[in-house]
Amino acid sequence: MCGIVGAIAGRDVVPLLVDGLKRLEYRGYDSSGIAVVNGGVRRVRRTGRVAEMEAAALAEGVHADMGIGHTRWATHGGVTESNAHPHISGGIALVHNGIIENHEQQRERLQALGYAFESQTDTEVIAHLIDHHLKSGGGLLRALQAAVSELRGAYALAVVSRDEPNRMVVARMGCPLLVGLGEGENFVASDVSAIVQSTRRVIFLEEGDTAELTRDGVQVFGVERQPVEREVHVSDVSLASLELGPYSHFMQKEIHEQPRAIADTIEAVMDEAGFVPELFGADAAEVLADVSSVQILACGTSYYAGLTARYWIEGIAGLPCSVEIASEYRYRDAVADPRQLIVTISQSGETLDTMEALKYAKSLGQERTLSICNVPESAIPRASRLVHYTRAGAEIGVASTKAFTTQLVALFSLTCTLARLRGRLDEATEARHLDALRRLPGDIQHALNLEPQVRAWADRFASKHHALFLGRGVHYPIALEGALKLKEISYIHAEAYPAGELKHGPLALVDAAMPVVVIAPNDSLLEKVKSNIQEVRARGGEMYVFADADAGFGPSEGVHVIRTPRHVGVLSPIVHVIPVQMLAYHAALARGTDVDKPRNLAKSVTVE
Ligand code: HGA
């Protein structure tokens, strides 16, 4: 959340900053701003989208060869121009991603020192603190280092000064920040997409790092302020993955990319010709051996991927598995078990709650840690002993789609690997599971072909205020994910229940105005689901059933049916999530919401 970009170059950086902010807009989109150094500091800020700020910068004729930019997801202070970043104090301007926890004490102290505040943000205290420390001499870098040592909380910062037009200084603690290395120009950004048009060579700053960027070089300093060498990575993010191409929305593009994303993610399994520990890292055999149980920690859609995996891990690998929302786990007294495998799931690898839950688990002595993540070199995989990267490619739509299905594939591979290590996967079963994975991209494509039918349903949903999603067993988390997708992007209130739970309360909500979506695969629970459908029908509820073609379901009065492909067995949840993703997408389209940037949300949740 919140995107930062900065550039110091021998050319006009304003187009680079604006372009970078447009690519970072998925991280926050309530307001944006830039500040450049050109004689003095010039700043342009606007509420709304980056395009509005860009128009203002053009109209004002802002140009410079050094500057910083920010796209905001407000945490402290409303969505106003005066709360938008950059914030200025004296001759410095600063952008910030994160939350400063001791901002109130710092504000009081700085007010006593004579600083007047113009915003309600926590960020403004950092600008004044740096200005305060600048007065002791020693320059911008020293002032930044002194200021951050007085902050509690999380930050990624980029700072420029009117008085030091040949350097930019940056700092990182708890929020992502990387430095991009160019020829005679250097960059800083929250993620590589913002600068990829200028360079692919990047340094991922580590916790507590500060750095100084000039046109000709970059020097990074570690926690003790000592100069440090950090590895240079060459990013392989493709420009095409950051562009819409022929699609109307990134979410639509990402839904349709799922066959390819899954094929790419299973490539490693296919290359290894089986479920081997090496899929998860060099010392995975040792870490995964004699695991006693699995604890999955995640948030949002990733949490639902975890809930799905629990059915597999207990059913196939025979290991006890619990799944917990990371922000809950991190604040409770958990019982440590050093033989337990901690699995964190995060698309961005930067999700703060998940990262903190991982740190908490490690502080309890849980050393067997595995991260399932879509962004190489991000914080959570780097803090984990084992890692499995999904290969979904850049996911830009705020509502996760291809990240979810590739996480499921990764979790299924983990399940089978654990099962094999425990002697619970005979050769024939392993071959069957491999074959199911191999056929999965094609099965997903068949589900995608249902789009015209799903769109027709979505048009009816668009006028509704509430919806109920039902599933059973391994498809219950798919019902949860369907409800989450619908509320996230169409703003229709939706809840999901295990179908067997209806009569214990939610049936009271059912009437003709409440559409009830049912996931009805042709599995061992089919007859139970059919009975649950009758219970709803008997009370006048209108049913929308996604049923496997071989489930023997036909439409009837008040029961609409879309036939999904034949039952695909154990991977069925991965196929059944496709139509509910499309239902949410088309309902949102019909309601005219901003599908890729739903209100109040942002991607990569890097704050608490
Ligand atoms: N706390 C700052 C920055 C917000 C942020 O990083 N959001 O993800 C603000 O509210 O402006």
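For region 177-195, give me each residue that is open to solvent by less than 10 Å² (accessible area, probe 1.4 Å) and over 27 Å from the mean Cα position of the chain (by Cα).
Across region 177-195, there are no qualifying residues.
How do the pairs read when you match residues in region 9-31 that are over 27 Å from E350 (Cα atoms) and of a type in the set (D, E) with residues anywhere that are away from the ligand (no atom under 16 Å from the Cβ) and open to solvent by 10 Å² or more (accessible area, probe 1.4 Å), using Cβ under 6 Å and keeping only pairs 6 or more apart or on different chains?
D12/H63
Spot the failing condition for G552; the list is (1) surrounded by 22 or more Cβ atoms within 10 Å (Cβ to Cβ); (2) more than 16 Å from the ligand (Cβ to nearest atom), and only one is missed.
Looking at each condition in turn, G552 falls short on (1).
So M543 fits all but one of (1) more than 18 Å from R472 (Cβ to Cβ); (2) open to solvent by less than 10 Å² (accessible area, probe 1.4 Å); what number is the exception?
Of the numbered conditions (1) more than 18 Å from R472 (Cβ to Cβ); (2) open to solvent by less than 10 Å² (accessible area, probe 1.4 Å), the odd one out for M543 is (1).
Return the total of residues in region 1-53 being over 28 Å from the mean Cα position of the chain (by Cα), more than 16 Å from the ligand (Cβ to nearest atom) and open to solvent by 30 Å² or more (accessible area, probe 1.4 Å).
Residues flagged as over 28 Å from the mean Cα position of the chain (by Cα), more than 16 Å from the ligand (Cβ to nearest atom) and open to solvent by 30 Å² or more (accessible area, probe 1.4 Å) within region 1-53 amount to 7.
Would you mention how many residues in region 575-604 are away from the ligand (no atom under 16 Å from the Cβ) and open to solvent by 40 Å² or more (accessible area, probe 1.4 Å)?
Result for region 575-604: 5.
How many residues, within region 55-71, are closer than 18 Å to G98 by Cα and either more than 9 Å from the ligand (Cβ to nearest atom) or open to solvent by 10 Å² or more (accessible area, probe 1.4 Å) (or both)?
Going through region 55-71 one residue at a time, the tally reaches 3.
Please work out which one of (1) more than 8 Å from the ligand (Cβ to nearest atom); (2) assigned to a loop (DSSP other than H, G, I, E, B); (3) over 16 Å from T47 (Cβ atoms) is the condition G78 fails and give its number.
The number of the failed condition is (3).
Results for (1) of a type in the set (F, W, Y); (2) in contact with a helix residue (DSSP H, G or I) (Cβ under 9 Å, 6 or more places away or on another chain); (3) over 30 Å from T593 (Cα atoms), shown as yes or no for each residue.
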residue: R368; (1), (2), (3): no, yes, yes
residue: S371; (1), (2), (3): no, yes, yes
residue: P376; (1), (2), (3): no, no, yes
residue: P381; (1), (2), (3): no, no, yes
residue: G397; (1), (2), (3): no, yes, no
residue: A428; (1), (2), (3): no, no, yes
residue: L434; (1), (2), (3): no, yes, yes
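With respect to A84, determine if the residue is part of a helix (DSSP H, G or I), within 13 Å of the ligand (Cβ to nearest atom) and open to solvent by less than 30 Å² (accessible area, probe 1.4 Å).
no
Select from region 297-329 the residues that are assigned to a loop (DSSP other than H, G, I, E, B) and open to solvent by less than 40 Å² (accessible area, probe 1.4 Å) and list them in ascending order.
The answer is C299, I316, A317, G318, L319.
Answer with yes or no whether S198 is open to solvent by less than 50 Å² (accessible area, probe 1.4 Å), within 23 Å of G28 (Cα to Cα) and either away from the ligand (no atom under 16 Å from the Cβ) or modelled with pLDDT of 95 or more (or both).
So S198 passes the test.
Can you find a residue in region 511-519 that is closer than 22 Å to R439 by Cα and either part of a helix (DSSP H, G or I) or at pLDDT 95 or above (or both)?
Yes, the conditions are met somewhere in region 511-519.
One residue is enough: does region 38-58 have a residue meeting the conditions in contact with a His (Cβ under 6 Å, 6 or more places away or on another chain), in contact (Cβ under 8 Å) with a residue 12 or more places away in the chain and not acidic (D, E)?
Here is the first cut: in region 38-58, the ones in contact with a His (Cβ under 6 Å, 6 or more places away or on another chain) are none.
Within region 38-58, not a single residue is in contact with a His (Cβ under 6 Å, 6 or more places away or on another chain), in contact (Cβ under 8 Å) with a residue 12 or more places away in the chain and not acidic (D, E).
Show the residue pairs that are 6+ apart or on different chains and have beta-carbon atoms under 6 Å apart, the first residue being within region 574-593 and over 13 Å from I492 (Cβ atoms), the second being open to solvent by less than 10 Å² (accessible area, probe 1.4 Å) and hydroxyl-bearing (S, T, Y).
I574/T405; Q581/T401
Return the pairs, sorted by first residue and then second, in which the second residue is assigned to a strand (DSSP E or B) and within 8 Å of the ligand (Cβ to nearest atom), the first residue lies in region 68-81 and is among the hydrophobic types (A, V, I, L, M, F, W, C), the beta carbons are less than 9 Å apart, and the residues are 6+ apart or on different chains.
Between residues of region 68-81 that are among the hydrophobic types (A, V, I, L, M, F, W, C) and residues that are assigned to a strand (DSSP E or B) and within 8 Å of the ligand (Cβ to nearest atom), the close pairs are W73/N97; V79/R72.
What is the residue count in region 561-574 for residues that are in a helix (DSSP H, G or I), among the aliphatic types (A, V, I, L, M) and surrounded by fewer than 24 Cβ atoms within 10 Å (Cβ to Cβ)?
Total satisfying the criteria: 2.
If we scan region 402-420, do we find a residue that is farther than 20 Å from T351 by Cβ, open to solvent by 10 Å² or more (accessible area, probe 1.4 Å) and touching a residue at least 40 places away in the same chain (Cβ under 8 Å)? Write out each step before concluding.
Pass one, region 402-420, residues farther than 20 Å from T351 by Cβ: 412-413, 415-420.
Applying the additional criterion that residues be open to solvent by 10 Å² or more (accessible area, probe 1.4 Å) yields 420.
Next, from what is left, pick out any that are touching a residue at least 40 places away in the same chain (Cβ under 8 Å): 420.
Taking every residue of region 402-420 in turn, at least one turns out to be farther than 20 Å from T351 by Cβ, open to solvent by 10 Å² or more (accessible area, probe 1.4 Å) and touching a residue at least 40 places away in the same chain (Cβ under 8 Å).
Take G174 and tell me if it is open to solvent by 10 Å² or more (accessible area, probe 1.4 Å) and modelled with pLDDT under 95.
Criteria met by G174.
Restricting attention to region 110-122, which residues are part of a helix (DSSP H, G or I) and either within 12 Å of the ligand (Cβ to nearest atom) or among the β-branched types (V, I, T) (or both)? Step through it out loud before you land on a result.
Filtering region 110-122 for residues part of a helix (DSSP H, G or I) gives 110-112.
The answer is none; no residue qualifies.
Inspect region 513-520 for any residue being surrounded by fewer than 23 Cβ atoms within 10 Å (Cβ to Cβ) and closer than 21 Å to Q252 by Cα and give the result as yes or no.
Taking every residue of region 513-520 in turn, none turns out to be surrounded by fewer than 23 Cβ atoms within 10 Å (Cβ to Cβ) and closer than 21 Å to Q252 by Cα.
Give region 87-104 a look and list any residue that's outside any strand (DSSP E or B), more than 8 Å from the ligand (Cβ to nearest atom) and farther than 11 Å from V41 by Cα, or say none. Spell out how you get there, then give the answer.
Step one: filter region 87-104 for residues outside any strand (DSSP E or B), giving 90-91, 98-99, 101-104.
With more than 8 Å from the ligand (Cβ to nearest atom) added as a condition, the list becomes 90-91, 101-104.
Of everything in region 87-104, those that are outside any strand (DSSP E or B), more than 8 Å from the ligand (Cβ to nearest atom) and farther than 11 Å from V41 by Cα turn out to be E101, N102, H103, E104.
Determine, yes or no, whether S363 is of a type outside the set (F, W, Y) and open to solvent by 20 Å² or more (accessible area, probe 1.4 Å).
yes
Could you check region 124-169 and list, in sequence order, the residues that are in a strand (DSSP E or B) and under 28 Å from the mean Cα position of the chain (by Cα)?
G153, Y155, A156, L157, A158, V159, V169 - these are the residues of region 124-169 that are in a strand (DSSP E or B) and under 28 Å from the mean Cα position of the chain (by Cα).
So is R107 basic (K, R) and away from the ligand (no atom under 15 Å from the Cβ) or not? Spell out how you get there, then give the answer.
Details: basic (K, R): yes; away from the ligand (no atom under 15 Å from the Cβ): no.
Considered against the rule, which asks whether it is basic (K, R) and away from the ligand (no atom under 15 Å from the Cβ), R107 comes out as no.
Search region 531-588 for residues being in contact with a helix residue (DSSP H, G or I) (Cβ under 8 Å, 6 or more places away or on another chain) and of a type in the set (K, R), and hand back the single one that is modelled with the highest pLDDT.
R563
Just name the residue that is nearest to V287 (Cα to Cα) out of those in region 330-354 that are open to solvent by less than 10 Å² (accessible area, probe 1.4 Å) and touching a Gly at 6+ places or on another chain (Cβ under 8 Å).
Result: V343.
The values are calculated or read from the model by the stated rules, or taken from the named source; none is laboratory data. All figures in this text were calculated on a predicted structure; none of them were measured in a lab. With ideal geometry, Cβ positions are generated from the backbone for all residues, glycine too; neighbour counts draw on all protein chains shown. Heads up: the accessible areas ignore ligands, DNA and RNA and are worked out on the full protein's heavy atoms, side chains in. Shrake-Rupley method; radii C 1.70, N 1.55, O 1.52, S 1.80 Å.
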